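Peer 1: Got a structure for you, questions after.
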Amino acid sequence: MNIIYKFSILSSFLGLWITSLLPEAFELILGFILIFTFGMVHGSNDIMIVDKLSKKTNSSFFKILLTYLFVVTAAIIIFYFIPVLALALFILLSAYHFGEQHWEDALSNLSLAPQKIFFFCYGLLVLYMVFSFNIEAVIEIVYEITALKIKNIYALQVTLTLLMILFLITVYAINKKQIPIKSVLKEVFSLLVFAIIFNSSSLIWGFTIYFIFWHSIPSLLDQIKFIYGDLKKKSVLKYIKAALPYWLVSLVGIAVLFLIFKDEKHFHSLFFAFIAAVTFPHAIVMLTMFSKKRA
C-alpha cells in the first residue's frame with residue numbers, strides 16, 4: 001500500500017472515531033470546515049492548470065479562461081432557474097470526476113471506452129453508497145433544492161447494476177492483463193471501508209470523509225505534480241501560495257451568494273449551487289489534465 005492510501009484509510013477510521021465521540025452538530029461544523037479548506041483549495045488552482053494546459057496545447061490562455069468562466073456562470077444560472085437539471089448534472093459529472101481521480105493510475109492501460117464507463121460507474125457507486133445510508137437526509141435536501149418530492153432512490157437496484165457493470169469490466173481488464181489483481185483487491189477493501197463510514201456517519205460527515213481524504217488530497221498531489229513536475233516541499237508551498245488568492249475569492253463568492261439569496265433559498269441550496277458551479281469546470285479541467293498526462 002502506498003503512503004496516500006494508508007493515509008486515507010487511517011484518516012477514515014479517525015473520522016469514524018470522531019463520529020463515536022462527538023455530536024452530529026459538531027460533525028456538521030467540522031465537515032464544512034474541511035470542505036471549505038481542503039475541498040475548495042483542491043478546486044481553486046484550476047486557473048494555473050488552465051495556464052499549463054494552454055502552453056502544452058498552444059491554445060490561447062484567455063480563450064480557455066473565458067470558456068472556464070462561462071461554464072461557472074452557466075452552472076450558477078442553471079442551478080438557480082432549473083435546479084432539477086443542475087442537480088442531476090452535478091451528480092453525474094461528480095460521479096465521473098470521482099471515479100477518474102480514484103482509478104486514473106490503476107486503469108491507465110485499460111481501453112478507452114471501458115475505462116470511461118468504469119470511472120463513471122465507480123464514482124456513481126460511491127455517491128449512491130452515501131445516499132443509500134442517508135436516504136431521509138438526501139430526500140430532504142433534494143426537496144430543499146428542487147422542490148421535488150422523491151419517495152424512492154432505488155438504492156438496491158442501482159447499486160447492484162453498478163456493481164455488475166464494474167465486475168464485468170474488471171474481469172475483462174484482468175483477462176487482458178490491463179489491471180493487477182492486487183489493485184482490485186485493494187479497491188474492494190476500500191469499498192468496504194466506505195460502507196462502514198457511510199453507515200456510521202451523517203450525510204455531510206460521511207461525504208466529507210470521502211471527499212477530503214479519498215478525493216481532494218490525492219487530487220491536490222496530482223495537480224502539484226502536473227504543474228511543478230514533483231512533490232517536493234518547495235513545490236507544495238508554491239502551490240499553496242498560488243492557490244490562496246483563488247481560495248479566498250471562492251470563500252467570498254459563497255458568502256456573497258448567501259447574502260444575496262438568503263431570503264429566497266435555503267443554505268443547502270446555496271451551498272450545492274456554489275459547489276456545482278466550481279465542480280462543473282473543475283471536472284472538465286481535470287479531465288483535460290489527465291488526458292495530457294496520458295498523451
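Each reported figure results from applying straightforward, stated rules to the coordinates on display, with no laboratory input. If you're wondering where the values come from, they're calculated on a predicted model, not measured in any experiment. Neighbour counts run over all protein chains shown; Cβ positions are idealised from the backbone, glycine included.
Peer 1: Please list 3J(HN,Hα) in residue order for the range 90-95, calculated via the Karplus relation 6.51 cos²θ - 1.76 cosθ + 1.60 where θ = phi - 60°; whole Hz, with x for glycine and proline.
Peer 2: Along the range 90-95, the couplings run 4, 5, 5, 5, 4, 4 Hz.
Peer 1: Can you tell me the length gained on complete extension of the stretch Leu14 to Leu112, counting 0.36 nm per residue apart and subtracting the Cα distance? Display every interim value, and only then the final one.
Peer 2: Values: separation 98, 0.36 × 98 = 35.28 nm, distance 3.65 nm.
Using 0.36 nm per residue and subtracting the Cα-Cα distance, I get 31.6 nm.
Peer 1: Here's a follow-up. Okay, helix-only estimate at 222 nm for the chain: each DSSP H run of n ≥ 4 adds -39500 (n - 2.57), divide by all residues, round to 500 deg cm²/dmol; what do you get? Each step should come with its number before you reach the end.
Peer 2: Working: 13 runs with 234 residues, N = 295.
After summing the helix terms and dividing by residue count, I get -27000 deg cm²/dmol.
Peer 1: Right, another one. Taking the Cα of Thr159, stepping 7 Å toward and past its beta carbon, and measuring to each backbone N in the range 178-214: which are under 13 Å?
Peer 2: 191-200
Peer 1: Residue separation times 0.36 nm, minus the C-alpha to C-alpha distance between Ala195 and Asn175: what's the value? It would help to have the intermediate numbers written out before the result.
Peer 2: On the way: separation 20, 0.36 × 20 = 7.20 nm, distance 2.79 nm.
Net length gain for the segment: 4.4 nm.
Peer 1: While we're here: How much length would be gained if the chain were fully extended between Leu21 and Ala88, taking 0.36 nm per residue of separation minus their Cα-Cα distance, in nm to one decimal?
Peer 2: Between Leu21 and Ala88, full extension yields 20.7 nm more.
Peer 1: So what are the ³J(HN,Hα) numbers for the range 147-162, from phi and the Karplus equation (6.51, -1.76, 1.60; θ = phi - 60°), rounded to whole Hz, Gly and Pro as x?
Peer 2: Using θ = phi - 60°, the values come out as 6, 9, 8, 9, 9, 8, 9, 6, 4, 5, 4, 5, 4, 5, 4, 5 Hz.
Peer 1: Still on this structure, please answer the following. Would you work out which of Thr67, Thr288, Phe213 lies farthest towards the positive end of the dipole of the range 3-294, given +1 charges on the beta-carbon of Lys and Arg and -1 on that of Asp and Glu, about the Cα centre?
Peer 2: Farthest towards the positive end: Thr288.
Peer 1: Turning to a different aspect of this structure: Each residue of the range 207-215 in turn: what ³J(HN,Hα) in whole Hz from Karplus with 6.51, -1.76, 1.60 and θ = phi - 60°, glycine and Pro shown as x?
Peer 2: 5, 4, 4, 5, 4, 7, 7, 10, 10
Peer 1: Tell me, what is the FRET efficiency for Phe32 and Phe7 to the nearest 0.05, using R0 = 25 angstrom and their Cβ-Cβ distance as r?
Peer 2: After rounding to 0.05, the efficiency reads 0.70.
Peer 1: If I model a spin label at Leu66 and Ile150 as a point 7 Å from the Cα along the Cα→Cβ vector, what separation in nanometres do I get?
Peer 2: For the pair Leu66/Ile150, the computed spacing is 3.7 nm.
Peer 1: Then there is this: Quick one: which residues, 5 or more positions from Ile82 or on another chain, have an amide H under 5 Å from its amide H? H modelled 1.01 Å from N in the peptide plane, none for Pro or chain starts.
Peer 2: none
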